[in-house]
Amino acid sequence: MSTEARLKTLLQSKSSASADDVRFLATAISSPSQNESGLALLALSKVVDTSNARGGDDAAQAARIKDTFDPLVSDAVAQGADDPTSFVPAVSLLAGLAPLAPAGTVALITQPLGINSEEEASDLDPLGVLLELAELPSTLQPAVAALLSALAGTKAGRGLVRDRAFEYLRAAASSKDVEGDTSVLCTVALSKLGRPDPQVGEPEEQRLTRDEHSLEGEAQLAKTLMEHIKSSTSAQAILPTLEGLSVLSTRPAIRDVLCSDPEFLKAFLTLSPIPQPKGGSLPVTPRSSMGSLEEALPPVSAALCFGLVTVLAHLVARKPVLSEQDQQMERLRRMAISGKTALEAEDEDPAERDDAVENRVVALLKAGVIPALSGIVRAESPRVRDALARICLGLVEEQSHRAPFIRDGGFKVLTTVLRDSKQGLAAPQALAKLVITTPPQLLFPPPHQTNALNALSPLFILLVSREASLLQQFEALMALTNLASIDGQVGARIIDAKVATPDDFKGRGRDETKVIDKVEELMLDDNNLVRRAATELVCNLVNSEAGFAYFAGEADGKESNAKVETGGKGVRSTARLGVLLLLTDVDDLPTRLAASGALAILTESPTACAAVVAGGAISGSQRTVWDRLGDLFEPGGERPDVEDTDGQVRAVQTVSSAPPDMGLAHRGAVIVANLLEYVSELPKAEAKTVRQSIAESRLEDRLTGAARALTQSRQEEGMQIAMMLAQTKKLFVE
């Protein structure tokens with residue numbers, strides 16, 4: 001049976017591995033054939049899973065791992081006295097075993113070797129033997145370095161490596177008299193060890209000095225790994241090097257070190273599997289078959305791509321925007337760690353500031369990071385796609401970088417990432433930022449009206465997700481507002497859309513959230529910007545047939561000029577219009593403009609007019625519809641309020657020669673005209689009651705004052721609006 005066939009048999013086996021199987025795995029893992037070693041590592045993972053499936057606590061599982069692989073280690077120790085290279089297969093297997101079963105691996109290499117020649121208990125263990133043999137140049141050196149690097153990446157092995165092998169790693173990392181990739185692997189192992197834990201009662205000056213020395217050491221480790229990337233002396237050591245850089249780049253200060261070397265950045269990005277065009281002055285591929293080029297490309301290494309995107313994601317990462325509660329918790333955490341007061345604990349790492357991140361992003365863009373992403377995105381790995389989403393978000397955070405991002409192919413990368421519905425919110429948020437600032441005809445390929453529809457689903461998820469922050473919801477609203485302005489088809493999609501919550505993707509439920517329900521909820525949010533964005537979206541939606549029918553109440557199935565019936569859907573449509581009417585009376589001028597603009601369109605519908613007029617006084621307020629509409633004609637768009645003795649807030653009708661806000665006055669004139677025309681069609685008795693309410697609000701006087709002030713302004717637009725108000729005043733006559 002061939003090696004590959006036997007490995008596949010082990011992968012399919014459900015029984016425990018025998019001693020012969022373990023020895024065979026060790027030989028296969030140390031094989032120079034990447035295909036055989038890759039299959040062997042998968043088979044090793046299956047062996048560990050089979051052992052863990054038998055249950056028990058961590059100690060019991062570690063004991064079973066030790067029993068399974070103990071014969072291999074014992075044989076290697078027995079043979080290693082004569083030939084150190086005989087350790088290589090066993091050590092290679094242990095390096096692959098360490099991430100899968102760290103406690104069991106530690107137990108294997110720290111078990112006593114029995115008694116010595118004088119029949120006395122020996123303190124020597126396999127790790128001690130390996131460290132002694134690794135002092136001499138041989139193929140065992142890189143194998144031991146790989147084992148130590150794997151152990152340093154685990155909680156169970158990190159302390160052991162720091163206590164027993166730190167001096168060896170430090171010496172080997174700086175030595176030129178070691179075999180193969182030993183120096184690089186030892187550097188990677190050191191990078192994983194991290195900083196020593198703070199000691200209880202340690203003086204502040206001593207802690208700061210120790211941290212400063214640790215940072216200097218980490219910077220030196222990073223520079224060593226950077227030199228290896230630039231020299232590219234060994235392809236086998238690239239993955240460990242990327243692993244070390246990914247660990248070191250979690251420290252903000254090291255990110256600045258990496259981005260301070262343009263030569264390193266270019267060499268680093270060159271590792272991306274970007275398809276390189278072949279030489280020749282004429283194309284060798286017919287244009288009709290250009291679409292099949294991607295299928296003919298060689299497969300990419302998911303491990304390589306993951307190493308690249310992990311480092312890049314760290315380089316462009318910004319501090320998350322925290323809520324007030326989360327900010328307070330972060331302050332308390334800093335105080336607990338540093339022992340400082342709240343004021344002292346506010347100090348921010350300079351490398352985490354926005355300007356520092358911006359400098360790193362600029363350096364990456366100059367080095368060609370966006371074309372590099374075009375090669376990495378070919379990796380079919382959820383973890384790679386997730387990191388790519390965060391990278392795209394980091395690159396488009398600043399508006400000035402969005403045009404180059406689109407020009408160099410970044411939007412194509414983002415589109416590919418967005419096809420995976422299991423990704424988080426980073427990719428939809430990056431899409432939202434691009435849609436907000438880029439005209440649709442420039443962002444989406446032709447026909448952009450149709451292709452823009454593909455952007456809706458990610459934006460819906462960003463809007464309704466329970467995990468979305470208020471900032472993300474705000475950006476989703478802004479992006480949807482821009483898309484809704486394209487044509488009515490987009491508006492209809494938004495009105496009808498239903499989106500499953502994140503829990504539903506995990507199979508825990510089937511409830512769906514209507515996107516428009518979320519928009520209406522955010523119209524009443526406490527945050528001024530979010531409320532404004534939701535209202536502006538509604539203002540755009542009512543320009544579509546579906547949006548008009550929904551907010552006017554015509555979609556409720558009751559299209560009549562009669563008074564809207566109470567109860568059921570009629571109440572819901574009245575409530576929607578009532579919310580818009582309330583928003584015409586808030587302090588924020590853009591929100592008032594959006595709400596009154598929506599009402600100006602909706603009151604073209606008799607159904608909407610019936611709902612507005614029948615609404616009378618808004619629930620919980622003594623102010624009528626006509627009182628609130630009169631506020632649209634206040635000088636300068638202001639709304640001076642006073643509070644009466646009964647606790648109600650009422651507008652003060654001011655006497656001023658200042659003209660009203662022209663936008664509000666224009667919209668107000670349209671709304672009042674539409675409503676008065678509707679009132680004129682009502683039965684006389686009902687119309688009389690409504691006109692009495694209008695007279696009590698002194699709406700006609702407020703229009704007269706606004707028209708006079710606009711006429712006196714001598715502005716062309718103001719004069720036109722004054723003429724509209726004059727025409728509207730004629731409708732007050734019974």
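I'd like the distance separating the alpha-carbon centroids of region 371-417 and region 41-74, in whole Å.
What the calculation gives is 40 Å, centre to centre.
Filter the cross-link list K155/K223; K155/K366; K266/K412; K8/K66 down to pairs whose alpha-carbon distance in this structure exceeds 31 Å.
From K155/K223; K155/K366; K266/K412; K8/K66, over 31 Å: K155/K366.
If you stretched the chain out fully between S74 and Q692, how much longer would it get, using 0.36 nm times the residue separation minus the C-alpha to C-alpha distance?
212.3 nm
Mind giving me the nanometre distance, one decimal, between the label points for S174 and N527, set 7 Å out from Cα along Cα→Cβ?
A separation of 5.1 nm, rounded to one decimal place.
Between beta-carbons, use under 14 Å as the cut-off and find the net charge around A26, counting Lys and Arg +1, Asp and Glu -1.
Spelling it out: positives minus negatives among the neighbours equals -3.
Subtract the Cα-Cα distance of L453 and D349 from 0.36 nm times their separation in residues, and report this length gain in nm to one decimal.
33.2 nm is the gain from fully extending L453 to D349.
Each label point is 7 Å from the Cα along the Cα-to-Cβ direction; what then is the distance between the points at F732 and R318, in nm?
5.1
With a ≥ b ≥ c the root eigenvalues of the C-alpha gyration tensor of region 678-728, is it rounded (a/c under 1.5), prolate (a/b larger than b/c) or oblate?
Note, shape of region 678-728 comes out oblate.
Would you mind getting me the FRET efficiency between L239 and R572? Use the beta-carbon distance for r and R0 = 51 Å, nearest 0.05.
E between L239 and R572, to the nearest 0.05, is 0.30.
Run the quick spin-label model on K223 and A60: label points 7 Å from Cα toward the beta carbon, then report their separation in nm to one decimal.
Rounded to a tenth, the inter-label distance reads 5.3 nm.
Long-range amide H contacts for T513: which residues qualify at under 5 Å (H placed 1.01 Å from N, peptide plane, sequence gap of 5 or more or a different chain)?
V499, A500, T501
First select every other residue whose beta carbon is under 12 angstrom from the beta carbon of V542; then total the charges, Lys and Arg +1, Asp and Glu -1.
Once positives and negatives cancel, what remains is -3.
Since every read-out is calculated from the coordinates, none of them should be taken as a lab result. In this text the structure is predicted, and so the values were computed from the model without any measurement. Quick reminder, even Gly has a Cβ in these numbers, built from the backbone with ideal geometry, and neighbours come from all protein chains shown.
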